[in-house]
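Chemist: What follows is a single structure, and I will ask about it in a moment.
The values are calculated or read from the model by the stated rules, or taken from the named source; none is laboratory data. Only a predicted model underlies this, so the values are computations on that prediction, with no experimental measurement involved. Here Cβ is always computed from backbone atoms with ideal geometry, including for glycine, and neighbour counts include all displayed protein chains.
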Amino acid sequence: MNERERKWAPTLWKALGVGRKVFEDCVVGTGLNAERGREDVRTQVRDAAEGVIQRAKESAEEEDGVSMRLDYIALNWADTLKPVERVDQGGHIGRRPVILSGAIWIGRTRLIDNLILGDDDVDGLLL
């Protein structure tokens with residue numbers, strides 16, 4: 001990566017952080033909106049993280065002429081790696097943590113990162 005591209009390298013980490021916040025809001029909240037959030041947590045997390053990346057992509061291209069593109073944002077069960085469809089209150093079913101992961105391209109470099117969520121022992125630990 002060149003210097004201009006390195007400036008944008010933290011984008012994925014920032015996007016995953018926003019995704020973590022949305023995940024926590026969905027699984028810790030109470031009431032009707034929280035229940036809806038738990039049912040749609042994967043979409044909400046992905047949309048929030050993708051929004052961060054899209055805004056950074058536009059800025060990177062405009063400010064520095066740097067190309068950026070999203071490869072993926074995923075929310076998967078840590079024990080099976082199957083996609084999360086619904087998360088019960090507390091962030092897990094029977095203490096099942098989830099992995100929030102993603103990849104982006106900045107120029108010709110692919111960056112990947114992930115977080116473990118919903119496990120009190122390792123919440124937010126970088127894999």
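Chemist: Can you name the residue in the stretch 23-49 that is at pLDDT below 70 and not charged (D, E, K, R) and is also surrounded by the most Cβ atoms within 10 Å (Cβ to Cβ) among such residues?
Modeler: Result: 37.
Chemist: Might you check whether a residue that is part of a loop (DSSP other than H, G, I, E, B) and modelled with pLDDT under 95 occurs anywhere in the stretch 103-118?
Modeler: Yes, there is a match, as at least one residue in the stretch 103-118 is part of a loop (DSSP other than H, G, I, E, B) and modelled with pLDDT under 95.
Chemist: Does residue 69 meet the test of being part of a strand (DSSP E or B), at pLDDT 80 or above and more than 12 Å from the chain's Cα centre (by Cα)?
Modeler: Yes.
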